[in-house]
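To start, the structure under review is shown below, and the notes come after it.
The values are calculated or read from the model by the stated rules, or taken from the named source; none is laboratory data. Because the structure is predicted, anything quoted here is derived from the model rather than measured. When we count neighbours, we look across all protein chains shown, and the Cβ atoms used for this are built from the backbone with ideal geometry, even at glycine. Please note that ligands, DNA and RNA were not included when accessible areas were found on the heavy atoms of the full protein model with its side chains. Shrake-Rupley method; radii C 1.70, N 1.55, O 1.52, S 1.80 Å.
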Amino acid sequence: MRHATPASEATETNSLPVSELFKMCSSCERLRKDIGARIPRPLGNGPSRFIPEKEILQVSRVEVRTQSIFEDAFAALGRLDNISLVMGFHPQYLESFLRTQHYLLQMDGPLSLHYRHYIGIMAAARHQCSYLVNLHVNDFLQVGGDPKWLSGLDGAPRKLQQLGEINKVLAHRPWLLTKAHIEQLLKAEENSWSLAELIHAVVLLTHYHALASFTFGCGINPEIHCDGGHTFRPPSVSSYCACDIANGNGAMEEVQGNHQVCPPRPSSGTVSPSRSPSEVEVLMEKMKQLQECRDEEEASQEEMATRFEREKTESMLVSTSEDEETLPSREVSRHFEDPSYGYKDFSRRGEHVPTFRMQDYSWEDHGFSLVNRLYPDFGQLLDEKFQIAYNLTYNTMAAHRGVDTSMLRRAIWNYIHCMFGIRYDDYDYGEINQLLDRSFKVYIKTMVCSPEKITKRMYESFWRQFWHSEKVHVNLLLMEARMQAELLYALRAITHYMT
C-alpha cells in the first residue's frame, strides 16, 4: 500500500524545515523592538503533528508529478495548505481530490460561493475541526460573505439554519435520515430548498465531515497565517536566524549540517520495518490463507448474512476513545446546534436499525446518476475520486514488494460501511476480524465516528511497522468510505422523497 520511492531517486537539497526559518538572531530581535513589528513563528513543526516534517517535504522534491500538482494548486488558490502537503504522498489521489474540491467550491453550481463556504464551516464545526472552520471563515469573507453570519448560526439566513438538522444527523447518525428530513427542506413555507441546491449542500456536508476525519487522523497543523498556527513569543535559544540566508553567513552551513534532508526511507510509528518485519509478515500470511480458503470453499448466503450481523454487533463494542467527551470551543460551537448530539451505535436500549443493503441502493447503480442529473458533471468527478481511493495501490506493504493488497483494502472499506449498517451481499465479513486487529479497529472507529478524539498515541498504536505514507493511504480510504456511506443514506432519502 505504500507510496514507494527508491532511495536512488532522491536528490540532495539544502532546504531547511519551515520551522527553522522563523528563528531570530539578537540583531533582528532588536530591530523588531525598534520598529514595533510583531514577527510570528510557527507553533507546529511542519504540516502534521504525527508525521516528521522532512518526510512530507521531501516528497515534492523527488516526485515530479507531486511538485507539478503543488505548483498548479498554488497558482489556482494562492496557497498550498497542509492537507494537500500530506496528501502529496499519493499524487494520483491528490490530483483527483483537488479537482473535485475545486469544482465543488468554485465552479458553476446551484449554490452561491458564500453559501458553499458557510456550509463547509457548519460541517467542519460538527466535529470541532477548527482547522477547516478557520480556513473557510477566511474564504467566506473573501468571496463577500456577511461577517454577521459568523457570529453564530442564528445570525445566518433561515434557509441555512434549516440545514442544521441534516448536518448533525449525517455527521453522527446518518442511518436515521429519512425522506421526512428532505421534505422539511424542500416544502418549507419560506426559504425552501430546490432539489439541485439540496444535492449540492449534501455533497458539501459529507465532503467536510469526511475531510474533518482526515484532518484529525493525520494530525494536520494549522498554517502559520491561521489561528492557532503561530505565536509571537520569542523563540528558544538558537545561533541561527533567517537573515543568515540573505547575508550568506557561515551559520547557514552549520544549520544545514543539523537539518540535512535524507533520502526517503522506511519510517512509521515507533518501529522501523527493517528491524522487525513480523507484524507485516503475519498480516501477509493471513491474507494468503484467506485467499486459499476462498478458493477451496465459499460460504452460503445465510452464513454471510450471519457474519455481517456478528461483525456489526462487535463493531458496537469497539470503544472510540478512552478520553472523556471534549467540549467544543465557542469559536466552533456557535456554528452548529445541539452540541451534545453525537455518534451512537445502532442498538442502544433495544433500538434497532435495519441493514442497508447495497444490493437495494448503491452508489454505482443509483446515487451516481442522481447526483449527475441534479449537479451536472459532478457525479463523474466524485465517482473517479471514490474509485481512485478504493483501487489505489503500489503493491507494497512496508519493505515488501509485489503484494496484492486488494483484500486488505476491501476489508478496511467494508468495515467502515459495516459500522454504518451497510452490507455487501457478496462479501465475507469473517475476513475483517482476521485482517484488522483491535488497535486498528479502535483507530478506524474513532477517526470515522469521533475524529476529534484522535491522538498521536492512537495513530502510532496501529501498524507500527508500516510507513507513514501507508497510514496516510489508510486515512484516504477511511475518508472516502465515510463520505460514501453518508452520501448513500442522504441520496436514498432524497430518492424516496422523489418517488
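A few notes on this one:
- The listed residue being under 30 Å from residue 354 (Cα atoms) and not β-branched (Val, Ile, Thr), out of 450, 469, 461: 450
- Selection within the range 170-196 - under 17 Å from residue 119 (Cα atoms) and either open to solvent by 40 Å² or more (accessible area, probe 1.4 Å) or touching a strand residue (DSSP E or B) at 6+ places or on another chain (Cβ under 6 Å) (or both): 191, 192, 194, 195
- Elements of the type helices (runs of 4 or more DSSP H) sitting completely within the range 366-479 and holding at least 3 residues that are within 29 Å of residue 494 (Cα to Cα) and open to solvent by less than 10 Å² (accessible area, probe 1.4 Å): these cover 378-391, 406-419, 438-449.
- Residues that are within 26 Å of residue 172 (Cβ to Cβ) and among the acidic types (Asp, Glu), drawn from the range 459-499: 480, 486
- Those residues of the range 101-145 which are open to solvent by less than 60 Å² (accessible area, probe 1.4 Å) and of a type in the set (Asp, Glu), in sequence order: 139
- Selection of the range 78-100 for residues being open to solvent by 40 Å² or more (accessible area, probe 1.4 Å) and in contact with a Leu (Cβ under 9 Å, 6 or more places away or on another chain) yields 92, 99.
- Only residues that are without any contact (Cβ under 8 Å) to a residue 40 or more places away in the chain and within 13 Å of residue 143 (Cβ to Cβ) were counted across the range 102-117, and they come to 6.
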